[in-house]
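Okay, so here's the structure we're looking at.
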Amino acid sequence: MVRSVNPFLASSRISLGEAIARELEGEITGGILGPGERLGTKQELRAQFGVAPATINEAMRLLEMRGMLTARPGPGGGVFVTRASARVRLNQFVLGYRWSEAAMADHHTVRNALEPLVCREAARYHRDADIRVLKRMLDTMAKHTDAPLTYIHRTLALHRRIVKICRNTALQSIYLTILAFLENGAERTASETFDALDHLARHRELVEAIDEGPGVRLERAIEAHELRVRVDA
């Protein structure tokens, strides 16, 4: 059976892997797929959606992180809907409304409330390799300061990488969900008057503070990040 992704998701700014994850998540939270139900192997799912292995791996990773699916190895194994109904209800609460039902400012409010938790965990658990990756991403952002939309997408990618450092999987899942909402609406927030240089400086300081670890510098960097003039990333 060949499956298709919801055209709204497929045409949005999110990755195809995220679009597939949301399509399956909607079927799980909507009761189409029940706890313990076998979806097939990753190879079978890849064939069903007609996508590359990396795309289906991304979708499965996102759904496992959100507590929606679990993979079982060996004969009779494959990908199964989780029996962790509490986590399913949490995801239904977070994801079970239409994009238009909440303003972008609402998403930013929730994201800003989570941001200090994300940055403090990143400061506590980061490795040198994490900081090297973040600094390379900052350098990439610097190359796009004259292209607001591209710059915002690169900034959101930086924040997705920061949250991956965290060990709190519930925090990861909710924060990544909010970022996905914000990325979908990035075109509405991009502006020619956007002060990318100041924005970039704040993010460089945030990464330096995360590298230094928990303390006064980190708290100041978090506060500076929250004091953005515009509703942006």
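A few remarks follow.
- In the stretch 142-163, the residues that are modelled with pLDDT under 90 and within 14 Å of Leu114 (Cα to Cα): Arg160
- Conditions (1) surrounded by 16 or more Cβ atoms within 10 Å (Cβ to Cβ); (2) at pLDDT 90 or above: number failed by Gly213: (1)
- Selected residue (criterion: nearest to the chain's Cα centre (by Cα)) from residues of the stretch 32-65 that are open to solvent by 50 Å² or more (accessible area, probe 1.4 Å) and within 13 Å of Gly77 (Cα to Cα): Lys42
- Set side by side, the residues Arg22, Arg89, Arg3, Arg13 differ, and just one is among the charged types (D, E, K, R), at pLDDT below 90 and farther than 21 Å from Ile178 by Cβ, which is Arg3.
- Top-ranked residue in the stretch 25-55 [being in a helix (DSSP H, G or I) and under 30 Å from Tyr151 (Cβ atoms); ranked as modelled with the lowest pLDDT]: Glu25
- Number of the exception - Phe80 against (1) modelled with pLDDT under 90; (2) assigned to a strand (DSSP E or B); (3) hydrophobic (A, V, I, L, M, F, W, C): (1)
- If the condition is being within 16 Å of Leu197 (Cα to Cα), in a helix (DSSP H, G or I) and among the small types (Gly, Ala, Ser), then the stretch 127-185 contributes only Ala142.
The values are calculated or read from the model by the stated rules, or taken from the named source; none is laboratory data. Every value quoted in this text rests on a predicted model; they were computed, and no experiment measured them. Please note: Cβ atoms are built from the backbone with ideal geometry, for glycine as well, and neighbour counts cover all protein chains shown. Heavy atoms of the whole protein, side chains included, go into the accessibility calculation; ligands, DNA and RNA do not. Shrake-Rupley method; radii C 1.70, N 1.55, O 1.52, S 1.80 Å.
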